[in-house]
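What follows draws every value from the coordinates through simple rules; no lab data is involved. A quick note: this is a predicted structure, and the numbers were derived from the prediction, not measured. Backbone-built Cβ (ideal geometry, glycine too); neighbour counts: all protein chains shown.
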Amino acid sequence: MHGPSGLTWDVWIVDNNSKDETRALVESFAQREPRIHYLFEGAQGKAHAINKAVRQADASVIAFTDDDCIPDERWVESIGSAFAADANLGLVGGRVELFNPLDNPMTTRTSRDRRIVSAPGDALSFIIGCNMAIRSELLSTIGDFDPLITPGNGKDAGFEDADFVYRAFKKDIRIEYLPNVLVYHNHGRRSESDVADVHRKYVRGRGSFYVKHIFKGDRSALRMACWELQSTLGDLAKKLLSGKSAREEVKMLSFLFGGAMTRFL
């Protein structure tokens, strides 16, 4: 990876209670490259792993990617340059392209246009956690990634990245989507069942997200929840009245309410 003059970087790889050879593999690389570090987090769930890394990292900017992503060779340089050019910039997300064109075109962000997150809905859609970076001084203002809505925690819900960006937006932190900050997502999902599984987890995550913020008196979250419920119920009614199957709408509602219940179980 390349970096602008004077930029230093380290890589923290978090082993989230794996049962394979992750530790031996990472430590073998670390012996040859001292900027690579191994961390173990036994509490299951991606958010636990990220929070562990954040507490260990000592840097002015912290960037995040996933174990199924391949950063562009200028990823670090692009992130460093963006923050160096704008002292008011707090959080950035970037383009996510498929690594393998045979995979389903999901969990990507392919826009080539630079965008500023300027509305609550933008915070939930422009940026995903596999390609994101933040000034570390702002982490205490935003708080941890939420372990209740994260992959791997047993609650079948994922939305910790969108929730984090949303909380940053609500703190008036400047957030931008930068298309030159690029990673390739090698997620391997191709079948309908793979796609449906991811969709279910995201919808359940939104349900949990809505309840979390509504109970804090957040009117923006309430409006988004009401709009989604109204839209889904409207589609349900139209299909029932026309004699068409409303299976997808029923599933959507069950996922939303199921995710909402994770806040109480």
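Any idea what the relative contact order of region 50-138 is, in percent, if you count C-alpha pairs under 8 Å spaced at least 6 apart?
Across region 50-138, relative contact order equals 46 percent.
Springs between alpha-carbon atoms under 10 Å, Gaussian network over the chain: tell me which of SER254, SER140, SER78 tops the mean-square fluctuations.
Highest fluctuation of the listed residues: SER140.
Going toward the positive end of the dipole of the chain, with +1 on Lys and Arg Cβ and -1 on Asp and Glu Cβ, which of LEU240, ALA49, PHE255 do you reach last?
Going by the Cα projections, it comes out as LEU240.
Simple spin-label model, 7 Å along Cα-to-Cβ: SER111 to SER28 in nm?
About 4.2 nm, to one decimal.
Given an 8 Å cut-off on Cα distances and at least 6 residues of separation, report the relative contact order of region 127-265 as a percent. It would help to have the intermediate numbers written out before the result.
Numbers: 122 pairs, mean separation 36.3, N = 139.
This gives 26 percent for region 127-265.
Once you treat every alpha carbon in region 46-91 as an equal point and sum by Debye, what is log10 I(q)/I(0) at q = 0.21, 0.22, 0.24, 0.33 Å⁻¹?
Values, matching the q order: -0.89, -0.95, -1.04, -1.16.
Dimensions of region 222-262 along principal axes (Cα, Å, largest first)?
32, 20, 9
Of the candidates SER193, SER242, SER18, which one comes out as most mobile in a Gaussian network treatment of the chain with C-alpha springs shorter than 10 Å?
SER242
At q = 0.11, 0.14, 0.24, 0.25 Å⁻¹, work out log10 I(q)/I(0) for region 1-80 with the Debye formula, treating every Cα as an identical point scatterer and leaving solvent out; two decimals please.
Each listed q maps to, in turn, -0.31, -0.50, -1.35, -1.41.
Give LYS201/LYS244; LYS170/LYS216; LYS52/LYS171; LYS216/LYS251 a once-over and call out the pairs whose C-alpha atoms are over 19 Å from each other. Each step should come with its number before you reach the end.
Working: LYS201/LYS244 26 Å; LYS170/LYS216 13 Å; LYS52/LYS171 23 Å; LYS216/LYS251 27 Å.
Cα-Cα > 19 Å for LYS201/LYS244; LYS52/LYS171; LYS216/LYS251; rest within.
Return the Rg/Rh value of the chain, two decimal places, where both radii are evaluated on C-alpha atoms and Rh is the Kirkwood radius.
In the chain, Rg relative to Rh is 0.98.
Report the label-to-label distance for LEU7 and ALA119 in nanometres (one decimal), using points 7 Å from each Cα along the Cα→Cβ vector.
Calculated label separation equals 3.2 nm.
Please report, to two decimal places, log10 I(q)/I(0) for region 57-169 at q = 0.10, 0.15, 0.22, 0.24 Å⁻¹ as given by the Debye formula with identical point scatterers on the Cα atoms and no solvent.
-0.30, -0.70, -1.52, -1.70
Per DSSP helix of 4 or more residues, -39500 (n - 2.57); summed, then divided by the residues of the chain. What does that give at 222 nm, rounded to the nearest 500? Don't skip to the answer; put the middle values down first.
Details: 9 runs with 114 residues, N = 265.
Here the helix-only value at 222 nm equals -13500 deg cm²/dmol.
Sum up the charges of everything whose Cβ sits under 11 Å from the Cβ of ARG112, counting Lys and Arg as +1 and Asp and Glu as -1, but leave ARG112 out.
Local net charge: +2.
Could you work out how much longer the chain between GLU73 and ASP58 gets when fully extended? Use 0.36 nm per residue separation minus the Cα distance between them, nm to one decimal. Show your work: numbers first, answer last.
On the way: separation 15, 0.36 × 15 = 5.40 nm, distance 2.25 nm.
3.2 nm is the gain from fully extending GLU73 to ASP58.
Please compute, over every Cα-Cα pair in region 119-239, the percentage with a separation greater than 25 angstrom.
Values: 2137 of 7260 pairs.
So the pairs more than 25 Å apart make up 29 percent of the total in region 119-239.
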